[in-house]
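In what follows, a single structure is set out as structure tokens and then discussed.
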Amino acid sequence: MVVWPLRGGLGLDVSILIVRLALAAVFAVAALAKFSDLGRFRHALERFGLSGRLAEPAGVFFPVAELAVAAMLVPVGTARWAALSAVVLLAAFSAVLVRVVVRGETVDCNCFGSFGSARVGRGTLGRNGVLLAMAGFVTIAGWSDGGASAFAWIGGHAALAAVVGVVAIVTAAHLAFSWQLFRQNGRLLDRVSALEAGHGSGNDGLAVGEPAPYFALPDLDGQRVALEDLLTAGRGVLLVFIDPACVHCNPLLPALGRAQADPDGTPVALISNGAVHDNRANAEEHGIVRVLLQDEFEVAESYHVYGSPGAVLVDAAGRIAAERKSGAKAVAAVLEDLAPPAPGLAAGVYADAGRQ
């Protein structure tokens with residue numbers, strides 16, 4: 001193998017190896033993070049414009065491809081093909097990012113799955129550009145021989161490699177745990193602050209008559225629906241905030257289906273969290289047709305709803321029409337007024353909701 005000397009005595013083959021291993025680490029972390037929350041990643045793909053039907057297989061394909069690229073970047077024999085694959089993946093993703101930035105869309109990247117999520121912007125483009133340049137460097141400079149062998153280098157520096165490996169694993173685990181803790185505690189502190197802002201009042205929601213906060217969210221088929229779309233019939237809408245993992249929400253699902261099916265009643269729209277397939281399963285079981293997906297709790301928090309279930313009534317003019325309802329019992333009472341249960345059929349549903 002020919003070693004081309006660079007400034008400072010660092011050979012080109014070693015430089016290629018360093019960039020290969022750095023890329024492999026980035027792709028491996030990104031893949032494993034996506035695998036830890038596939039539902040969240042599928043949802044992100046839908047926000048990028050992929051239909052719900054395609055998002056399901058694509059949500060598995062991309063982390064598998066990233067993991068394969070990471071593994072193939074380590075051996076010299078497969079490094080150039082892995083680098084070329086990385087160029088293709090990163091170039092395609094860069095094109096999508098450019099489209100989002102040019103259109104001014106608000107989309108979370110979710111590039112690193114549950115480890116972190118940030119709005120797509122120039123910073124995301126810059127980071128992707130750096131990774132693309134690294135992959136291009138390995139592809140071009142290492143096409144003939146792929147650079148130094150990772151296994152040979154580790155064999156010659158076994159003690160150093162072991163120390164670096166242990167430190168890297170511990171650091172990655174610590175950062176992942178700290179990030180999750182920061183996100184959870186930060187969200188909790190935001191909610192506590194919002195509750196304290198109510199100064200102990202009976203209802204700390206938005207004031208009646210106040211303009212309802214704007215939102216535009218994808219439905220289960222990936223179509224974006226805005227608040228004004230829900231008001232086009234000249235009537236108001238009851239926004240019900242749920243979560244497929246919320247045990248207090250499940251008893252309300254039959255009533256939500258009946259309320260949506262009533263052509264003469266107040267329209268009802270569900271704003272939920274979680275994976276598309278989980279929400280779709282609940283919707284199909286109970287005849288629910290209007291479910292919008294928020295990334296985390298951004299729309300709920302804009303309506304001062306700090307738990308599931310919760311409900312806010314918006315009038316035809318797009319203003320808050322009634323005090324926010326929080327908890328299964330309060331929301332069940334609203335739904336019972338909108339769509340009374342059939343005799344002997346669903347009375348127990350409301351009773352179950354009221355006890356939770």
Scanning segment 265-297 for residues that are β-branched (Val, Ile, Thr) and either in contact (Cβ under 8 Å) with a residue 60 or more places away in the chain or within 15 Å of LEU38 (Cα to Cα) (or both) gives THR266, VAL268, VAL276, VAL291
When only residues in segment 50-109 that are charged (D, E, K, R) and loosely packed, with under 15 Cβ neighbours inside 10 Å count, which is farthest from VAL130 (Cα to Cα)? ARG53
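Can you pull out the residues in segment 258-275 that are under 26 Å from the mean Cα position of the chain (by Cα) and assigned to a helix (DSSP H, G or I)?
Correct list: empty.
A quick yes/no check of all residues on (1) more than 25 Å from LEU54 (Cβ to Cβ); (2) crowded, with 19+ Cβ neighbours inside 10 Å; (3) out of contact with any Cys (no Cβ under 7 Å at 6 or more places or on another chain):
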residue: ASN273; (1), (2), (3): no, yes, yes
residue: ASN279; (1), (2), (3): no, yes, yes
residue: VAL289; (1), (2), (3): no, no, yes
residue: LEU293; (1), (2), (3): no, yes, yes
residue: ALA300; (1), (2), (3): yes, yes, yes
residue: TYR303; (1), (2), (3): yes, yes, yes
residue: GLY310; (1), (2), (3): yes, yes, yes
residue: ARG319; (1), (2), (3): yes, no, yes
Run THR139 past the list (1) modelled with pLDDT under 90; (2) assigned to a helix (DSSP H, G or I); (3) of a type outside the set (Phe, Trp, Tyr); (4) open to solvent by less than 40 Å² (accessible area, probe 1.4 Å) and report the number of the one that doesn't hold. (1)
Over segment 232-244, the set of residues over 27 Å from the mean Cα position of the chain (by Cα) and either open to solvent by 20 Å² or more (accessible area, probe 1.4 Å) or among the polar types (S, T, N, Q) (or both) is THR232, ALA233, GLY234, ARG235
Scanning segment 187-225 for residues that are at pLDDT 65 or above, among the hydrophobic types (A, V, I, L, M, F, W, C) and surrounded by 13 or more Cβ atoms within 10 Å (Cβ to Cβ) gives LEU206, VAL208, ALA212, PHE215, ALA216, LEU217, LEU220, VAL225
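Determine if segment 256-266 includes at least one residue that is closer than 30 Å to GLY104 by Cα and of a type in the set (A, V, I, L, M, F, W, C).
Quick first cut of segment 256-266, residues closer than 30 Å to GLY104 by Cα only: none.
Looking through segment 256-266, none of the residues is closer than 30 Å to GLY104 by Cα and of a type in the set (A, V, I, L, M, F, W, C).
Quick grid of which residues meet (1) basic (Lys, Arg); (2) touching a Leu at 6+ places or on another chain (Cβ under 7 Å); (3) modelled with pLDDT of 85 or more; (4) surrounded by fewer than 17 Cβ atoms within 10 Å (Cβ to Cβ):
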| position | (1), (2), (3), (4) |
| --- | --- |
| GLY9 | no, no, no, yes |
| ALA24 | no, yes, yes, no |
| ALA30 | no, no, yes, no |
| SER36 | no, no, no, yes |
Any hit, segment 21-31, residues being part of a helix (DSSP H, G or I) and under 30 Å from ILE271 (Cα atoms): yes
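The values are calculated or read from the model by the stated rules, or taken from the named source; none is laboratory data. It should be emphasised that the depicted structure is a prediction, and the values quoted were computed from it without experimental measurement. Using ideal geometry, Cβ is built from the backbone for each residue, glycine included, and neighbour counts are taken over all protein chains shown. Each accessible area value is taken on the protein alone, full model and side chains, heavy atoms only, with ligands, DNA and RNA left out. Shrake-Rupley method; radii C 1.70, N 1.55, O 1.52, S 1.80 Å.
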